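Asks: Mind looking over this structure? Questions follow.
The values are calculated or read from the model by the stated rules, or taken from the named source; none is laboratory data. Keep in mind the model is a prediction, meaning the values are calculated, not measured. Every residue, glycine among them, receives a Cβ derived from its backbone with ideal geometry; neighbour counts consider all protein chains shown. Side chains are part of the model used for accessible areas, which takes the heavy atoms of the whole protein and leaves out ligands, DNA and RNA. Shrake-Rupley method; radii C 1.70, N 1.55, O 1.52, S 1.80 Å.
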Amino acid sequence: MVDLQYEVIVGLEIHVQLCTESKMFCACAVEFGAQANSRVCPVCMGMPGVLPVMNKKAFEYSVLAGLALNCEIPSFTKWDRKSYYYPDLPKNYQISQYDLPLAKDGFIEIPVLVDAREDTARMAVARGDAAGTKRIGIIRAHLEEDAGKNLHTAGNFSQVDLNRTGTPLLEIVTEPDLSSGAEARALAVELQRMVRYLGVSEGDMQKGQMRFEPNINLIITKDGKEYRTPIAEIKNLNSFRALEKSVEYEEHRQLDEFLETGRVLKMGSKTTRGWDDEREVTVLQREKEEAHDYRYFPEPDLVPVEMTDAWLDEIRGRLCELPLARQVRYVAEFKLSDYDAGVVTGERATADFFEAAVDAGGEPKRVCNLLTQVGLKLANEKGCGVDELSVTAESVAELAGMVGSGSVSAGAAATIFGAMGETTKEPAVLAEELNLIQKSDAGELAAIVAEVLAANPQAVEDVTAGSKKSKKARGFLLGQVMQKTKGQANPKVVSEILAGKLG
Ligand code: ZN
Ligand code: MN
């Protein structure tokens, strides 16, 4: 018997597109879906003799993200040229940052996975303390410009669209602290929530605003001896699913390869692989023995950036409570489940709205139910935020109170919520107008129950005889009462009256 164990080691490189209006080094608009090559100028097309000018907002967004990632922000940073030629980078180099990134040595907390091997990873933000989180090191974060896009759709040749060239990208590099595809996914999801909270990126995956490149290898212990498999880097993943699946695929591929060939890591070597989304496999792109020679050198056309304490403090003032911290707090403070707290803190606007409704006196769990089961659905249909439904936090608090007191059912509350958005009337007014006030008055309901029982002697007999028809007959009688009251009877109260009369 071979004694074999292994550990998966994953580090991530992430490119996040910042949501500035103009590009990194020119005044061209950053705009998705515009006519090809219509958002370009001599600077981003790399014409000779042009001069780039730094977008200050992009720099501040990057520093803000760096602070949220608990990074050190050096007071001096500079720009470098990374030289390579590719049709989508006609100026022959990318302006990036090499040895002096604007942020370094930080970390991000991600939710700990209950079972990392489940298809959809379940998170545990346990007991409202940090025990449910795992810390992943951030090596560095730097700012650079994006390249254009090659299009291979038009027959036997390729086209290039340079609208994307010069778009500001924040590149974030993590330590290899992740140990599964599910953890890599959890980090990506957390980072997306974070940049959206900070307002530095829309993090829209469909528009390619977040791209992932995981580095994966295994530490295998076989018969007491340790081996490391060659590192594979998977290029350009643009969905959470592809990220998770590709890491899982590599895990098994590398294990099989090791068992077949015994191939181990050679220092300085790295394999680049691509992800085939349809076949769900990684495909070898190239093997490089040594790092690519990008001939980095300081960008002569841009001055270095000096960060004063005052400027840094001003940016620090824009930090907000981050989504995971908020999720952990909601579990502790409002006794929400991990799941509910995760949904409510998904977007900053939703979390703010939730807290405003709780501040207005709404019971947290009921407010949360109204938002997750009704509000977010409505917002989704309308393609807006919960805060943009023309429903106030105060009226949601009031509606939650009405559900709590039993004056409307949960189902009726959904109808009222929808109507609030259309009419801006108060929930109590709408409940009256729409005839949705739940009848909970035992005396009134007892009279109706008596009528129903008198009219249905066979069902009454089935219930009292305790035959196997009993349960069905009881349901029938309840249904008759609901029908007579046009669905307004409180089913709980009716059931109690029925039980009192029929045993
Ligand atoms: Zn331009
Ligand atoms: Mn990069």
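Asks: Counting only chymotrypsin sites (Phe, Trp or Tyr not before Pro) that sit in a DSSP loop (anything but H, G, I, E, B) with at most 15 other Cβ atoms within 10 Å, what is the longest stretch of the chain containing none of them?
Replies: For chymotrypsin sites (Phe, Trp or Tyr not before Pro) (loop position, at most 15 other Cβ atoms within 10 Å), the longest site-free span of the chain is 297-503.
Asks: I've got another one for you. Could you let me know the centre-to-centre spacing of the range 371-407 and the range 461-482, using Cα atoms, in angstrom?
Replies: One Cα centre to the other: 36 Å.
Asks: Expressed as a whole number of Å, what is the distance separating the alpha-carbon centroids of the range 284-354 and the range 84-107?
Replies: That distance is 19 Å.
Asks: So what are the radius of gyration and Dmax for the Cα set of the range 442-502, in Å?
Replies: Final numbers for Rg and Dmax: 10.6, 31 Å.
Asks: Also, I was wondering about something else. Percent of accessible area on the range 4-306 owned by carbon and sulfur, 1.4 Å probe?
Replies: Ligands and nucleic acids excluded, carbon and sulfur reach 49 percent.
Asks: Over the Cα atoms of the range 4-306, compute the convex hull volume and normalise it per residue, giving Å³. Each step should come with its number before you reach the end.
Replies: Working: hull volume 46.4 nm³, N = 303.
Expressed per residue, the convex hull around the Cα atoms of the range 4-306 is 153 Å³.
Asks: Grab the Cα-Cα distance for Ser405 and Glu31, subtract it from 0.36 nm times how many residues apart they are, and report the gain in nm with one decimal.
Replies: Computed gain between Ser405 and Glu31 is 129.7 nm.
Asks: In terms of Cα to Cα distance under 13 Å, which aspartates and glutamates are near enough to Lys471, apart from those fewer than 8 places away along the same chain?
Replies: Answer for Lys471, where 13 Å is the Cα cut-off: Glu461, Asp462, listed by chain and number.
Asks: When only Cα pairs under 8 Å and 6 or more residues apart are kept, what is the percent relative contact order across the chain? Walk me through the intermediate numbers first.
Replies: On the way: 937 pairs, mean separation 71.4, N = 503.
Normalised by residue count, the contact order of the chain is 14 percent.
Asks: Which whole-number value in Å² is the accessible area per residue of the chain, probe 1.4 Å? Walk me through the numbers on the way to the answer.
Replies: Values: 24580 Å² over 503 residues.
Here the per-residue accessible area is 49 Å².
Asks: Next up: What is the distance, in nm, between label points placed 7 Å from the Cα along the Cα-to-Cβ direction at Met47 and at Glu432?
Replies: 7.0
Asks: Can I ask one more? Can you check what the Kirkwood hydrodynamic radius comes to for the range 289-447, Cα pairs only, in Å to one decimal?
Replies: 18.7
Asks: On alpha-carbon atoms, Rg over Rh for the range 178-274 using Kirkwood Rh? Provide the component values of the computation, followed by the final result.
Replies: On the way: Rg = 15.7 Å, Rh = 14.6 Å.
For the range 178-274, the value is 1.07.
Asks: Straight distance only, please: which lysines reach the Cα of Lys468 with their own Cα at less than 27 Å, same-chain residues fewer than 8 apart left out?
Replies: Lys484, Lys492, Lys501
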